Amino acid sequence: MVFKGGVNLFDAYKIRFCNIVEEISSDNPPEVFNFTLPSEQSVKHIIVTLCPTEPWALPNWVTLGHKTTVFFDKIKELQTTIFPEAKCSVVITNNETEHISAAKEYAAMNEWLEVFVIDAKYPYDDPVVLSKAILNKDINFGQDTLSQGILVFDAQTALAIHKSRILNKSVNSRFIALSGTGLKENEFIKVQLGTTLEKILKNRVKETAPYRVFINGPLRGMEVNDFAQKIGWTVNDIVVLAAQDKKEMFPMINTDRLHFTTNLLGELRACVYCNFCDDICPVNLEPALYHQAYNRGEKQKVRSYDIEKCIECGLCSFACPSKIELLRIIKECKSPDVQKA
Ligand code: SF4
Ligand code: SF4
């Protein structure tokens, strides 16, 4: 896989969070964090990601505070107790200067630990991209990194594993980031596992306009329509976008204003052959071509264009001035139903 580009979304899409962290409790007994640890033999390398590249994702300071060394002590306990043979890499984005210097100091005294500093560009934190960049391993999107002996987890998951496996204490809540144009405020919240989306969004959403809700971001997350859905451990952030109901004039020349809109209400328009989607794709695919074949009803043809290499980062849809949902087309064509047709 040749990886190119990436986009600094922190520059393109600035989000200011209020520093409010509150506890939202589930109406039922909370669910408990349960991480099935793979066998010691199957894990050759641990990658701990301190590298969120999306501005709406939970930042490290919420999870770690300023206690980077305490965090590494816990990683060390995990490594020595559970995976003594595994090497451990910590990946940090270059905008996290405090964590970088603490990590490097720690690694200088611990040979099992390596520190990698990467550009704060999306989607450099994708496990497929990290496995290639750090270990030179080619992994297809959707393939379990463990099949190559690589265990990848984020800071919050590392702390939860430590608490449940080393301290034998139950973990039943987690931090998530809430943001977006459809909300009254952007907040970090601590929420019990099993709490419904409905309860979280109650009194937080601007009720004046239609909105769309995305779990784990509008780029590579999942849009949710069923608000009875419960928050599980894999929910890092919730983004609520106000639906836009008017088209912009000449969107293809407003490249400095690429921003998140939704194409529910009136934004969708014809492809203008600008090739922004091809240029931005980090794995050199050609989404514009897929869109053309899809429009002709040739889903099998789309499949023949290497779409399994797509890491589903969503950058093509983000960059498209016509707001064509290119990632949705790719996912649909990748699906087993199309394979069978
Ligand atoms: S989602 Fe789009 S930009 Fe991202 S890898 Fe797939 S085709 Fe490329
Ligand atoms: S699909 Fe969108 S980004 Fe790609 S060429 Fe067409 S208008 Fe441009």
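So the values come out like this:
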| read-out | value |
| --- | --- |
| Free-standing Cys, the chain [no other Cys Cβ under 4.7 Å] | C18, C51, C88, C271, C274, C281, C310, C313, C320, C333 |
| Quotient of C-alpha Rg and 2.2 N^0.38 Å, computed over region 147-252 | 1.30 |
| Check: region 37-166 dipole with +1 on Lys, Arg Cβ and -1 on Asp, Glu Cβ, in debye | 200 |
| Computed over the chain: relative contact order in percent, which uses C-alpha pairs under 8 Å that are six or more apart | 20 |
| Förster radius 45 Å - calculated FRET efficiency between E198 and N110, Cβ distance, rounded to 0.05 | 0.50 |
| Dipole-positive endmost among L130, T80, A155 within region 37-166 (Cβ charges, Cα centre) | T80 |
| Low-density loop cleavage sites - trypsin sites (Lys or Arg not before Pro) in region 1-96, where at most 10 other Cβ are within 10 Å (DSSP) | K4, K14, R16 |
| Within the chain, helix-based [θ] at 222 nm, where runs of 4 or more DSSP H residues each add -39,500 (n - 2.57), nearest 500 | -7000 deg cm²/dmol |
| Using alpha-carbon coordinates, inclination of helix 97-108 to the longest axis of the chain, degrees | 40 |
| Longest to shortest principal axis, alpha-carbon extents of the chain, angstrom | 56, 46, 40 |
| Residues of region 303-341 with amide N under 17 Å of the 7 Å Cα→Cβ point at D138 | 305-311 |
| Cα-centred dipole magnitude for region 135-208, charges only on beta-carbon of K, R (+1) and D, E (-1), debye, nearest 20 | 360 |
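Every number in this text was worked out from the coordinates using simple rules, so none of it is lab data. Model, not experiment: these values are computed from the prediction. All Cβ positions, glycine included, derive from the backbone under ideal geometry; neighbour counts span all protein chains shown.
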